[in-house]
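Below is one structure; the comments refer to it alone.
The values are calculated or read from the model by the stated rules, or taken from the named source; none is laboratory data. Predicted model only: the values in this text are computed from it and were never measured. Cβ placement follows ideal geometry from the backbone for every residue including glycine, while neighbour counts extend to all protein chains displayed. Each accessible area value is taken on the protein alone, full model and side chains, heavy atoms only, with ligands, DNA and RNA left out. Shrake-Rupley method; radii C 1.70, N 1.55, O 1.52, S 1.80 Å.
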Amino acid sequence: VTAFDVHVPHTELTIEAHSVVETHPVPQLLASVGWDVLRDPRVRDTHVEFLTPTPHTAVDADVRAAAAEVAGDLPPQAAAREVADWLRSQVSYVSGATGVHTKAMEVWSERKGVCQDLAQLTVGVLRGLGIPARYVSGYLHPDPAAEIGSTVTGESHAWVEWWDGAW
């Protein structure tokens, strides 16, 4: 099963999954692209869904302007990292402060949330700067040395990926 839907209200969902994950070293990107490439209409067209705000990621002009000031004259890769670090410094991690439907601007206004909130906010800000960005979710493995076949309980997590020549 790669996807499923639950169409009735529920208070709990338990998912049990069994898998083997093979990892390989991440290839090193030789050089990220510049702003000229990110502004190219063909690149913008290719990545339009990663540049378009959603109801959960939309941020206002003041937040975009503050982020642009943080990014300064940095190239896209460095700007994205600097902005992500800045946002993290502005929002406190407070478990239970938000829910699954909390929007990026609510997180910014309250200055608190959890990983999914910071990810939505960061995606919205990066998109507002013209850097294609996407929300990613998955599970953190609590024991990298676990034996194959052993039972572990993972934690859900959310993070951001951006495109600057590669994801």
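So, VAL59, is that one among the aliphatic types (A, V, I, L, M), touching a Pro at 6+ places or on another chain (Cβ under 8 Å) and at pLDDT 95 or above or not?
For VAL59, the condition - among the aliphatic types (A, V, I, L, M), touching a Pro at 6+ places or on another chain (Cβ under 8 Å) and at pLDDT 95 or above - is met.
Considering each residue of segment 121-167, count those that are of a type in the set (Ser, Thr, Tyr) and either in a loop (DSSP other than H, G, I, E, B) or more than 19 Å from PRO55 (Cβ to Cβ) (or both), and give that number.
5
Within segment 139-159, can one find any residue that is in contact with a strand residue (DSSP E or B) (Cβ under 9 Å, 6 or more places away or on another chain) and within 25 Å of TRP35 (Cα to Cα)?
Yes: segment 139-159 contains one or more residues that are in contact with a strand residue (DSSP E or B) (Cβ under 9 Å, 6 or more places away or on another chain) and within 25 Å of TRP35 (Cα to Cα).
Can you tell me which residues in segment 97-114 are open to solvent by 70 Å² or more (accessible area, probe 1.4 Å) and either small (Gly, Ala, Ser) or not in a loop (DSSP other than H, G, I, E, B) (or both)?
GLU106, SER109, GLU110, LYS112 - these are the residues of segment 97-114 that are open to solvent by 70 Å² or more (accessible area, probe 1.4 Å) and either small (Gly, Ala, Ser) or not in a loop (DSSP other than H, G, I, E, B) (or both).
Would you mention how many residues in segment 121-149 are open to solvent by less than 60 Å² (accessible area, probe 1.4 Å) and free of Cβ contacts under 8 Å to residues at least 60 places away in the same chain?
Number satisfying all stated conditions: 5.
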